[in-house]
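A short worksheet on the structure shown next.
The values are calculated or read from the model by the stated rules, or taken from the named source; none is laboratory data. Please read these numbers as outputs of a predicted model, since none were measured by experiment. Virtual Cβ from ideal backbone geometry, glycine too; neighbours counted across all protein chains shown.
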Ligand code: PEP
Ligand code: MN
């Protein structure tokens, strides 16, 4: 399906040629915290305010958001500062309450965009309300581009024409530098597939740490993203949710002022996007190879301790056969896969012999 008559997401009084910046706390906590944060952000020139009113939590018992009461605070933010307001919706009730409160922009969270039933419920609620509100869809928690696009298509079918995407990274098991792996090639592929969908980066949820907000924001702008959604709290260390990744309005201002904004047009060309994907995929291949060599060295250590020789023909043979078969099924030539595997095997053996020779 092609979403043919999408409309740009522009707000009166917000420079449509500059990256769109949405900022505000992870969660609305108290009226004072919301207004204090909003006033500081507005004073620094932020035009679109975010605050989570309903918070999806991994486990029960966490702070689940203040609920509808917080919508009143968003109304105050709008009335007092003139900022546009935005919040996350995950159910029909959320949609109805947010629309009734005049929230200017809605976003769909990563757990919700991963769930087609929830997405359809939201789309139906928007259609029933005849809503014409812009909606940003976060990538699903799992790296599934089709699911992400499908969520946007449901909104389109419900009559929403101002649709954007938020790249917030993808969850992964275990410890990583990032809270959610960026896997940049996925939003880049989204851009290639749907060039009319603006993509906003969420460096806060990708990085999970304050110090990663600036570099991730720069990286996103360098890749031609259309904007940023950043968590900012008047007292980050006291935040009720996501405190490690929130920055104060002044720190945010500093970060935004140091970002280099390049000409977006040059990076929207398909060739550039495809090359960026290649760069990213090559990095992943290198990381995988490195992981493989590490395991290989551990095997080397084990063989040494148990006096097992490095080379075992049977094992090598079965690796070759199974991988080559898979590669052929994927459309690569057997010769190509054979030479890749023998090069990898050669390096593994070299690394194991290195272990054997160590005293
Ligand atoms: C959020 O934006 O506060 C949020 C809950 O994000 P995500 O859906 O990306 O986890
Ligand atoms: Mn958050």
Exclusive hit being at pLDDT 90 or above, out of contact with any helix residue (DSSP H, G or I) (no Cβ under 9 Å at 6 or more places or on another chain), in a helix (DSSP H, G or I) and not assigned by TED's automatic domain parsing to the domain that holds residue 40, set 290, 283: 290
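If you check residue 160 against the conditions, is it assigned to a loop (DSSP other than H, G, I, E, B), in contact with a strand residue (DSSP E or B) (Cβ under 8 Å, 6 or more places away or on another chain) and crowded, with 21+ Cβ neighbours inside 10 Å?
So residue 160 passes the test.
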Residues (in a loop (DSSP other than H, G, I, E, B), in contact with a strand residue (DSSP E or B) (Cβ under 6 Å, 6 or more places away or on another chain) and within 16 Å of ligand 2 (Cβ to nearest atom)) located in region 163-174: 168, 169
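Can you tell me which residue in region 141-151 is farthest from ligand 2 (Cβ to nearest atom), limited to those that are under 24 Å from residue 8 (Cβ atoms) and touching a helix residue (DSSP H, G or I) at 6+ places or on another chain (Cβ under 6 Å)?
So in region 141-151, the residues under 24 Å from residue 8 (Cβ atoms) come out as 145, 148-151.
This time we only want the ones that are touching a helix residue (DSSP H, G or I) at 6+ places or on another chain (Cβ under 6 Å), so: 145, 151.
Working: 145: 23, 151: 19 Å.
The selected residue is 145.
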Selection count, region 106-129, where residues are within 13 Å of ligand 1 (Cβ to nearest atom) and out of contact with any helix residue (DSSP H, G or I) (no Cβ under 8 Å at 6 or more places or on another chain): 4
Of the criteria (1) farther than 21 Å from residue 247 by Cα; (2) in contact with a helix residue (DSSP H, G or I) (Cβ under 6 Å, 6 or more places away or on another chain); (3) away from ligand 1 (no atom under 11 Å from the Cβ), which one residue 82 fails: (2)
In region 60-79, the residues that are in contact (Cβ under 8 Å) with a residue 12 or more places away in the chain and farther than 30 Å from residue 12 by Cβ: 62, 63
Residue list for region 1-37, restricted to those being within 16 Å of ligand 1 (Cβ to nearest atom), part of a helix (DSSP H, G or I) and in contact with a helix residue (DSSP H, G or I) (Cβ under 6 Å, 6 or more places away or on another chain): 34
Region 96-113 - residue that is buried (at least 20 other Cβ atoms within 10 Å of the Cβ) and in a loop (DSSP other than H, G, I, E, B) and, of those, farthest from ligand 2 (Cβ to nearest atom): 103
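Take region 9-59 and flag every residue that is over 17 Å from residue 229 (Cα atoms) and under 22 Å from the mean Cα position of the chain (by Cα). Reasoning before the result, please.
Of the residues in region 9-59, the ones over 17 Å from residue 229 (Cα atoms) are 12-13, 29-33, 35-36, 39, 43, 54, 56-59.
Passing the criteria: 54, 56, 57, 58, 59.
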Filter result (under 14 Å from the mean Cα position of the chain (by Cα) and either assigned to a helix (DSSP H, G or I) or within 11 Å of ligand 1 (Cβ to nearest atom) (or both)) within region 222-244: 229, 230, 231
Any chance residue 214 is closer than 23 Å to residue 26 by Cβ, surrounded by 18 or more Cβ atoms within 10 Å (Cβ to Cβ) and within 14 Å of ligand 1 (Cβ to nearest atom): no
